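Here's the structure, in structure tokens; my notes come after.
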Amino acid sequence: MSKPILAVLILVSVCICGPARAQDAAAPFDGDLQRLAEILGTLHYLRGICGSNEGPKWRNQMQALIDAETPSGERRARMIAGFNRGYNGFQQTYRSCTPAASVAIRRYIEEGSKISRDLTARYAN
């Protein structure tokens, strides 16, 4: 179920590495990247409590996104804050895996896949 988002995320990471930008200049896709970061944080938490045995898989995907995008300063801080917001928001809501948590996982994987596809279609070289 998570293979499609991983493949697209890797593709987005490679494509976003395009031309160098000013250190803190906002990219036109920053909002989408922040949302994707939040989704990765959410998945990192929810997949963990639902016994997926994926370990740091979603955190590693976030790190790969940061490494590919190489944001600095405020852009980097916003991406990390998005990841943490996703993680912490669901940590406060779910203490164990519930049917609602499983639905949330599916929906966030779908949304993350859509964001990744849209970014690739719009900004790929």
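The values are calculated or read from the model by the stated rules, or taken from the named source; none is laboratory data. These figures come from a predicted structure and were not determined experimentally. As a convention, Cβ positions derive from the backbone with ideal geometry for all residues, glycine included, and neighbour counts pool all protein chains shown.
Results for (1) touching a residue at least 12 places away in the same chain (Cβ under 8 Å); (2) under 13 Å from the mean Cα position of the chain (by Cα), shown as yes or no for each residue.
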position	(1), (2)
THR70	yes, no
TYR87	yes, yes
THR93	no, no
ARG106	yes, no
Residues that are in contact with a Phe, Trp or Tyr (Cβ under 9 Å, 6 or more places away or on another chain) and either at positive phi or aromatic (Phe, Trp, Tyr) (or both), drawn from segment 56-82:
TRP58
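Restricting attention to segment 67-76, does a residue exist that is touching a Leu at 6+ places or on another chain (Cβ under 9 Å) and either modelled with pLDDT of 95 or more or not charged (D, E, K, R) (or both)? Break it down into steps so the answer makes sense when it comes.
The initial filter retains those residues of segment 67-76 that are touching a Leu at 6+ places or on another chain (Cβ under 9 Å), namely 69, 71, 75.
From what's left, either modelled with pLDDT of 95 or more or not charged (D, E, K, R) (or both): 71.
Yes, segment 67-76 contains at least one residue that is touching a Leu at 6+ places or on another chain (Cβ under 9 Å) and either modelled with pLDDT of 95 or more or not charged (D, E, K, R) (or both).
Quick check on TYR87: is it within 24 Å of ALA26 (Cβ to Cβ) and assigned to a helix (DSSP H, G or I)? Explain how you work it out, then say what you get.
Working: within 24 Å of ALA26 (Cβ to Cβ): yes; assigned to a helix (DSSP H, G or I): yes.
In short, yes.
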Top-ranked residue of segment 35-66 - restricted to ones that are more than 13 Å from the chain's Cα centre (by Cα) and part of a helix (DSSP H, G or I), ranked as surrounded by the most Cβ atoms within 10 Å (Cβ to Cβ)
LEU46
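Against the definition (within 16 Å of ILE109 (Cβ to Cβ), assigned to a helix (DSSP H, G or I) and in contact (Cβ under 8 Å) with a residue 12 or more places away in the chain), how does GLU74 come out, yes or no?
Details: within 16 Å of ILE109 (Cβ to Cβ): no; assigned to a helix (DSSP H, G or I): yes; in contact (Cβ under 8 Å) with a residue 12 or more places away in the chain: yes.
Judged against the criteria, GLU74 is not a match.
Looking only at residues that are of a type outside the set (A, V, I, L, M, F, W, C) and within 14 Å of the chain's Cα centre (by Cα) in segment 72-84, which one is farthest from GLY31 (Cα to Cα)? Don't jump to the end; show me each part of the working.
The first filter runs over segment 72-84 and keeps only residues of a type outside the set (A, V, I, L, M, F, W, C), leaving 72-76, 78, 82, 84.
Checking which are within 14 Å of the chain's Cα centre (by Cα) leaves us with 76, 78, 82, 84.
On the way: ARG76: 12, ARG78: 10, GLY82: 10, ASN84: 15 Å.
This residue is ASN84.
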